[in-house]
Amino acid sequence: MRFAKIFVALAATTLMIAGCASQKEPAEKAMAQAESSVAEFRADAEKYAADELAKVDQSITKLKNALANKDYNVVVKAVPSLNSTIASLKQSVAAKKADADAMMAAATAEWTELSASVPQMVEAIQSRVDTLGKSRKLPANVDKATWETVKTDFETMKTEWTDATTQFASGQADAAVRKAREVKAKGDAILGKLGMTPNA
């Protein structure tokens, strides 16, 4: 009877070991595939969905620890849910990247227009400021206080335009366009104070 119990215990242990061994390869392959899937879009995920990526990485690390501890069954059972999360993250990243690309295209198109019109505006204002600066008398529509304001605002405008061009050159198209809009608005205001038309 005793030997029978020992035999049963040994048989159960053997089956358990065999069962674990049979789960090892599927568990290892599943983890390798999950990590490979994330690697395919990791760079974009870091840029567009860093928080979500961090959670996926935490899950992967947890399962890799289970794999190291030979808890293959735990890994095999958890991987389908992990793969579903990875697939959702991949879709989310793709959508956010598409939105960002669309915004970049729109910003670039607007910048192309502004980078042509604003320098022309600056040139027109500069010419008028130079002319008035050489004149002994200001025109009737420009008093001394307005003239001083115009000169100050114009210097600020030129500085901000330089900042905008620097931002665009460094890849910050959206920020550059926002700055350029402000510059153009300031230029329109200066033109108005000088009695010039906005499209001068």
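The numbers here are math on the coordinates, done by the rules we state, and not lab data. Everything numeric in this text was worked out from a predicted model, so none of it was measured. Ideal geometry is used to build each Cβ from the backbone, glycine not excepted, and the neighbour counts take in all protein chains shown.
Structure above, values below:
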{"item": "Sorted by Cβ neighbour density within 10 Å, fewest at the top, the residues MET157, MET104", "result": "MET104, MET157"}
{"item": "FRET E, pair LYS134, GLN58, Förster distance 41 Å, beta-carbon r, rounded to 0.05", "result": "0.05"}
{"item": "Sorted largest first, extent of the chain alpha carbons per principal axis (Å)", "result": "123, 25, 19"}
{"item": "Highest-MSF residue in the chain out of PRO139, PRO80, PRO119 [GNM, Cα springs under 10 Å]", "result": "PRO139"}
{"item": "Extension gain from ARG181 to THR85, taking 0.36 nm per residue of separation minus the Cα-Cα distance", "result": "30.5 nm"}
{"item": "Table column - 3J(HN,Hα) (Hz), the range 110-119, Karplus curve with 6.51, -1.76, 1.60, x for Gly and Pro", "result": "5, 5, 4, 5, 5, 5, 9, 7, 5, x"}
{"item": "Estimated FRET transfer efficiency when R0 is 25 angstrom, pair GLU46-SER117 (beta carbons, to 0.05)", "result": "0.10"}
{"item": "Ascending count of other beta-carbon atoms within 10 Å, so fewest first, for SER115, SER22", "result": "SER22, SER115"}
{"item": "More than 20 angstrom apart: percent of Cα pairs within the range 12-123", "result": "57"}
{"item": "Evaluated over the range 102-193, the Cα radius of gyration and Dmax, each in Å", "result": "15.0, 52"}
{"item": "Sorted by Cβ neighbour density within 10 Å, fewest at the top, the residues ARG42, ARG136", "result": "ARG136, ARG42"}
